[in-house]
Amino acid sequence: MNSWYALHTRSRHEFIAKDELTKKNFEVFLPTVDKLRKWKDRKKIVTFPMFSGYLFFRTELTKENLLQVLKTRGVVRVLGTTPLNPTPVSDNQIENLKKIVESKIQVDPYP
């Protein structure tokens, strides 16, 4: 059975890990927020992860899949009570996060 899991990434590697996991055919969800950034000469909308250092992926948890995920560039660990026993994230929580991202309401990234 496929479940969602939270994944911890190296600092500023959320988008890299997302792209690499997508290439490996995992379903990946990286909640993002758009923020206006100002420099001396310009302003620009920049996309940031909602949870710095974290993203979510969905898979059937087998040793092979877990090893593929852990070998991915930018990945530090899969969150859980023990290293080999990741804790699933409920589908309801992921759906709620997707609704927040789609609604484009003003949300600050979680520090």
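The values are calculated or read from the model by the stated rules, or taken from the named source; none is laboratory data. Keep in mind that what you see is a predicted model, and the values were worked out from it rather than measured. No Cβ is skipped: glycine too gets one built from the backbone with ideal geometry, and neighbour counts run over all protein chains shown. When the accessible area is computed, the model is the full protein with side chains, heavy atoms only, and any ligands, DNA or RNA have been set aside. Shrake-Rupley method; radii C 1.70, N 1.55, O 1.52, S 1.80 Å.
Taken together, 21, 97 contain a single residue that is surrounded by 13 or more Cβ atoms within 10 Å (Cβ to Cβ), touching a Phe, Trp or Tyr at 6+ places or on another chain (Cβ under 6 Å), part of a helix (DSSP H, G or I) and touching a residue at least 24 places away in the same chain (Cβ under 8 Å), which is 21.
Listed conditions (1) open to solvent by less than 60 Å² (accessible area, probe 1.4 Å); (2) outside any loop (DSSP other than H, G, I, E, B); (3) not aromatic (Phe, Trp, Tyr) are all met by residue 72, apart from (2). When 65, 92 are checked against the criterion of being surrounded by 10 or more Cβ atoms within 10 Å (Cβ to Cβ) and assigned to a helix (DSSP H, G or I), a single residue qualifies: 65. Being open to solvent by less than 50 Å² (accessible area, probe 1.4 Å), aliphatic (A, V, I, L, M) and farther than 17 Å from residue 75 by Cα is not true of residue 28. When we screen 15, 51, 57 for residues that are closer than 22 Å to residue 99 by Cα and open to solvent by less than 40 Å² (accessible area, probe 1.4 Å), the only hit is 57. Inspection of the stretch 53-67 finds a residue satisfying the criterion of being closer than 30 Å to residue 1 by Cβ and acidic (Asp, Glu).
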